[in-house]
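Student: Pasting a structure here, questions to come.
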């Protein structure tokens, strides 16, 4: 790898894909930069092949977030239902999408990955592209996995065979994924942890004054009203993301910095099924939509609270089909 274009996207387009080993060598410094960023309670939020620059010596660096626009194709799927437990998990998804792209030349989709190209990166990519952010490894896990394979073999007494590296790396990423997710989001049996009103994604004390109090209602909300809310929400968010954003509680607005960007890329949403549950104050729906030119079908559950006469979204979980 002696010469590279200025942008990784140009390099893949003009020179072709990389092997798993070459991709790991090239992108390990980027992973380390993101690890340091997350350790400082910050996120990038715009990782894509156009955001990564490669010099003539083959050294990759990532552009500052404000210097590159976000690429919806490399945006994680979890904001598509408008809610994300921790933005750092989005960076992990986007980095894995870049890994997959440079080794296959295709947009992010583990189902389309050719194992001959992805090779030993497959366990990492599959975990990091998981739809549920809590199931993804941390950026530290990702960097450790790459470094275990591509690190300088010196000194000799610490050298490990390639086969052992693969086994150790696979065990590391699978085992630490759950640990890393627990460290990011905390131990919680719920599908998506409910942020508290005085906790921001960075962990700082950041009180939200407009957060509704979720108290038990004397009269449960009828299932039909919950179902109407879901239909209205999807139509509103896709046609006017600002109005859709207003239907989130204050806490979830803070946890969804890219809400408008992603909902702005969703087209032709169609509700296929919807089912309100007054007992749990939730509504589950299945909908189909077009995102960046591709069709997706997603199951979503919204947990709602009532603030005065309004229903607001206080939590959510989702799964792409």
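The values are calculated or read from the model by the stated rules, or taken from the named source; none is laboratory data. Bear in mind the structure is a predicted one, so any value in this text is a computation, not a measurement. Because the Cβ atoms are built from the backbone with ideal geometry, glycine has one as well, and the counts that use them run over all protein chains shown.
Student: Could you say which residue among 277, 240 is surrounded by fewer than 21 Cβ atoms within 10 Å (Cβ to Cβ), closer than 23 Å to residue 305 by Cβ and out of contact with any helix residue (DSSP H, G or I) (no Cβ under 8 Å at 6 or more places or on another chain)?
Tutor: Working: 277 fails: out of contact with any helix residue (DSSP H, G or I) (no Cβ under 8 Å at 6 or more places or on another chain).
Of the residues listed, the single one that is surrounded by fewer than 21 Cβ atoms within 10 Å (Cβ to Cβ), closer than 23 Å to residue 305 by Cβ and out of contact with any helix residue (DSSP H, G or I) (no Cβ under 8 Å at 6 or more places or on another chain) is 240.
Student: Ok, one more. Report those helices (runs of 4 or more DSSP H) wholly inside the stretch 209-321 carrying at least 3 residues which are within 30 Å of residue 43 (Cα to Cα) and at pLDDT 90 or above.
Tutor: Filter on the stretch 209-321 gives 223-239, 241-245.
Student: Also, quick follow-up: Would you confirm whether or not the stretch 2-11 contains a residue that is closer than 17 Å to residue 105 by Cβ and surrounded by fewer than 18 Cβ atoms within 10 Å (Cβ to Cβ)?
Tutor: yes
Student: Testing residue 16 on (1) farther than 19 Å from residue 121 by Cβ; (2) loosely packed, with under 15 Cβ neighbours inside 10 Å, one condition comes back false. Which one is that?
Tutor: For residue 16, the exception is condition (1).
Student: To continue, here is another question. Name the pairs: first residue in the stretch 291-310 and in the same structural domain as residue 247 (by TED's automatic domain parsing) and without any contact (Cβ under 8 Å) to a residue 12 or more places away in the chain, second residue surrounded by 15 or more Cβ atoms within 10 Å (Cβ to Cβ) and part of a strand (DSSP E or B), Cβ to Cβ under 9 Å, at least 6 apart or on different chains?
Tutor: Once the first residue is in the same structural domain as residue 247 (by TED's automatic domain parsing) and without any contact (Cβ under 8 Å) to a residue 12 or more places away in the chain and sits in the stretch 291-310, its partners that are surrounded by 15 or more Cβ atoms within 10 Å (Cβ to Cβ) and part of a strand (DSSP E or B) give 295/289.
Matching residues to (1) part of a loop (DSSP other than H, G, I, E, B); (2) buried (at least 24 other Cβ atoms within 10 Å of the Cβ); (3) modelled with pLDDT of 80 or more:
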position	(1), (2), (3)
69	yes, no, yes
73	no, no, yes
85	yes, yes, no
88	no, yes, yes
94	no, yes, yes
97	no, yes, yes
103	no, yes, yes
108	yes, no, no
